[in-house]
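Got a structure here, written out as structure tokens. Questions coming.
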Amino acid sequence: EYMGNSLGLMLAAAVARAAPAWVARAMSSAARGSDFLVIGSGIVGASTAFELAKYGSVTVLERESAHGVHSTGRSAALYSETYGSALTRALTTGSKEQYVRPEKDLRVEHPFLLPRGVVWVANDEQMGALHKLHGELAADGLVSSLRMLTLSETMAAAPFMRREFLTEKGGGMAEPDAMDIDVNGLHMAFLRGAKARGAVVHLSSEVSSLAYDRASQFWLATLPSGATFKAPVVINAAGAWADVVARLAGVQQIGLQPKRRTIVRFPAPKSIPSSEVARWPMVFDVMEEFYLKPDAGQILASPADATPVDPQDIATDDMDVAVCVDRVQNWTTLEVQRITSSWAGLRSFAPDEEFVIGHDSSAQGFVWACGQGGYGIQTAPAAGRVTATLAAGRGIPADLAALGVTEAALNVARLRRK
């Protein structure tokens, strides 16, 4: 059972047994502030707050006037165990239980996941890359439904693909168990669940100063209004702004690089029944130069761009939109006669493009939770859980450790050694 806003002697004793000594000492002074301060209320901040509330009191500070403005709310909304690095895939698989059987505190009214399926496609020149990917995924042993497709099977699974693009020796790989994610439902459930467990969430609360007071062993976060929040442990879940927060705290930055990703939506072909379009899978080309899927009666597509940018409220670039349309019309039989909407989001990467989660040994009580790239939604349940357990000094959850997730693979120390 979670402890809500009150630590009490039971929590202090439990933390003292499991956590480093300084964590136990600092958390025993709960009356002076929250036990945990989470900066950022995107999907990782929200899932972390939900999980952290099991271990103590939580305050969340979000700089924007709404949640999930820059990345979470601009996702392609896919759960795929074949997408991303081996570490990402392990965190994705480790998230499945929460997606399928969510905890009661999330108060879920509708399923988070809906059937979609994924087909990776390749032409004859790309088949080597596709076979390599299939081999890596088979070695993981995480996706039992994965299978290679012949050219005719690929065309049957994704009938909108242009045969000339696939060429005579092309083919595909199917992941029938991939699912669409109700991103807003998931995000709001984590925030709702965190609040139900006693977390306090503040919007329009940009941190302008962040300093560690060694005497009290508390981090002090100050807003432009002068309001101050205190906690012995601060979790940096600020997304594209994570290095900005680190700089405020006087912590060595990691070289986080936000990258723009463009998405375009256009009407589905009227000549095909909407019920048939709705059953189409999401399609990626194996070189990840485009993807598309049905979306609310339309088609959602991306040129899979990854343009380095500064942290900002990102907007689309006309050239990226044009590239997307060109690839759709050249690689599929779909026609883009009208764009109904387009948007861009930020995907932020560490130098090695892996997640950065855990305590920074150079700054007492400073915890990183960033670098999710384009995989933050599908991994959110596991990423939030492992951030919380590491922040509380409890190590990697056993089920995630069994999937190969290690503290060393997540910790910022790996970047400092390079």
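Among the residues of segment 225-240, what is the count of those that are outside any strand (DSSP E or B), over 23 Å from Ser75 (Cα atoms) and modelled with pLDDT of 95 or more? Break it down stepwise before answering.
We begin by selecting, within segment 225-240, every residue outside any strand (DSSP E or B); these are 225-227, 232, 237-240.
Checking which are over 23 Å from Ser75 (Cα atoms) leaves us with 225-227, 232.
Adding the requirement that they be modelled with pLDDT of 95 or more leaves 232.
Residues meeting the conditions: 1.
Would you mind finding the one in Leu149, Leu130, Leu137 that is closer than 30 Å to Trp331 by Cα and either surrounded by fewer than 19 Cβ atoms within 10 Å (Cβ to Cβ) or at pLDDT below 95 (or both)?
Leu137 is the lone residue from the list that is closer than 30 Å to Trp331 by Cα and either surrounded by fewer than 19 Cβ atoms within 10 Å (Cβ to Cβ) or at pLDDT below 95 (or both).
Now, a different point. What's the number of the only condition in (1) within 21 Å of Ala306 (Cβ to Cβ); (2) touching a strand residue (DSSP E or B) at 6+ places or on another chain (Cβ under 6 Å) that Val325 fails to meet?
(2)
Now, a different point. Can you name the residue in segment 290-315 that is among the polar types (S, T, N, Q) and part of a strand (DSSP E or B) and, of all such residues, is farthest from the chain's Cα centre (by Cα)? Let's see the steps before the verdict.
Applying the first criterion (among the polar types (S, T, N, Q)) to segment 290-315 yields 298, 302, 307, 312.
Remaining after also requiring part of a strand (DSSP E or B): 298, 302, 307.
Numbers: Gln298: 24, Ser302: 18, Thr307: 18 Å.
Only one residue tops the list, namely Gln298.
Does segment 154-163 contain any residue that is within 27 Å of Val244 (Cα to Cα), free of Cβ contacts under 8 Å to residues at least 60 places away in the same chain, among the hydroxyl-bearing types (Ser, Thr, Tyr) and not in a loop (DSSP other than H, G, I, E, B)? Step through it out loud before you land on a result.
Taking segment 154-163 as the starting set, the residues that turn out to be within 27 Å of Val244 (Cα to Cα) are none.
The answer is no; no qualifying residue exists.
Further question: Give segment 364-392 a look and list any residue that's under 14 Å from Asp243 (Cα atoms) and open to solvent by less than 10 Å² (accessible area, probe 1.4 Å), or say none.
Pass one, segment 364-392, residues under 14 Å from Asp243 (Cα atoms): 366-372.
Across segment 364-392, the qualifying residues are Phe366, Val367, Trp368, Ala369, Cys370, Gly371.
Six or more apart or on different chains, Cβ under 7 Å: which pairs go from a residue in segment 392-417 that's at positive phi to one that's among the polar types (S, T, N, Q) and in a helix (DSSP H, G or I)? Could you list them?
Gly395/Thr389
All but one of (1) farther than 30 Å from Trp331 by Cα; (2) open to solvent by 40 Å² or more (accessible area, probe 1.4 Å); (3) assigned to a helix (DSSP H, G or I) hold for Asp243; state the number of the condition that does not hold.
With respect to (1) farther than 30 Å from Trp331 by Cα; (2) open to solvent by 40 Å² or more (accessible area, probe 1.4 Å); (3) assigned to a helix (DSSP H, G or I), Asp243 is out only on (2).
Hey, another quick one. Would you confirm whether any residue within segment 84-92 is out of contact with any strand residue (DSSP E or B) (no Cβ under 9 Å at 6 or more places or on another chain), surrounded by 21 or more Cβ atoms within 10 Å (Cβ to Cβ) and modelled with pLDDT under 95?
There is no residue in segment 84-92 that is out of contact with any strand residue (DSSP E or B) (no Cβ under 9 Å at 6 or more places or on another chain), surrounded by 21 or more Cβ atoms within 10 Å (Cβ to Cβ) and modelled with pLDDT under 95.
Picking from Lys230, Lys270, Lys259, which residue would you name as being among the charged types (D, E, K, R), over 20 Å from Glu353 (Cβ atoms) and touching a residue at least 12 places away in the same chain (Cβ under 8 Å)? Let's see the steps before the verdict.
Working: Lys270 fails: touching a residue at least 12 places away in the same chain (Cβ under 8 Å); Lys259 fails: over 20 Å from Glu353 (Cβ atoms).
Only one candidate passes the filter, namely Lys230.
Now a separate question. Which condition number does Tyr55 fail, the rest of (1) in a helix (DSSP H, G or I); (2) buried (at least 24 other Cβ atoms within 10 Å of the Cβ); (3) over 15 Å from the mean Cα position of the chain (by Cα) being met?
Tyr55 satisfies every listed condition except (1).
Please go through segment 176-218 and pick out each residue that is more than 26 Å from Gly376 (Cα to Cα) and either part of a helix (DSSP H, G or I) or open to solvent by 10 Å² or more (accessible area, probe 1.4 Å) (or both).
Residues of segment 176-218 that are more than 26 Å from Gly376 (Cα to Cα), as a first pass: 209, 211-218.
Across segment 176-218, the qualifying residues are Ser209, Ala211, Tyr212, Asp213, Arg214, Ala215, Ser216, Gln217.
Give me the pairs: first residue in segment 125-145 and under 25 Å from Lys169 (Cα atoms), second residue of a type in the set (A, V, I, L, M, F, W, C) and open to solvent by 30 Å² or more (accessible area, probe 1.4 Å), beta-carbon distance under 7 Å, and six or more apart or on different chains, which are they?
Taking only residues 6 or more apart or on different chains, the pairs are Gln126/Met287; Ala129/Met287; His134/Met148.
Another one. Evaluate segment 159-180: report whether one residue or more is within 22 Å of the chain's Cα centre (by Cα) and of a type in the set (A, V, I, L, M). Step through it out loud before you land on a result.
The first filter runs over segment 159-180 and keeps only residues within 22 Å of the chain's Cα centre (by Cα), leaving 175-180.
With the extra rule that they be of a type in the set (A, V, I, L, M), the set shrinks to 178-179.
Within segment 159-180 (the criterion being within 22 Å of the chain's Cα centre (by Cα) and of a type in the set (A, V, I, L, M)), the answer is yes, since at least one residue qualifies.
The values are calculated or read from the model by the stated rules, or taken from the named source; none is laboratory data. Here the structure is a predicted model, which means the values were calculated and not measured. Using ideal geometry, Cβ is built from the backbone for each residue, glycine included, and neighbour counts are taken over all protein chains shown. When the accessible area is computed, the model is the full protein with side chains, heavy atoms only, and any ligands, DNA or RNA have been set aside. Shrake-Rupley method; radii C 1.70, N 1.55, O 1.52, S 1.80 Å.
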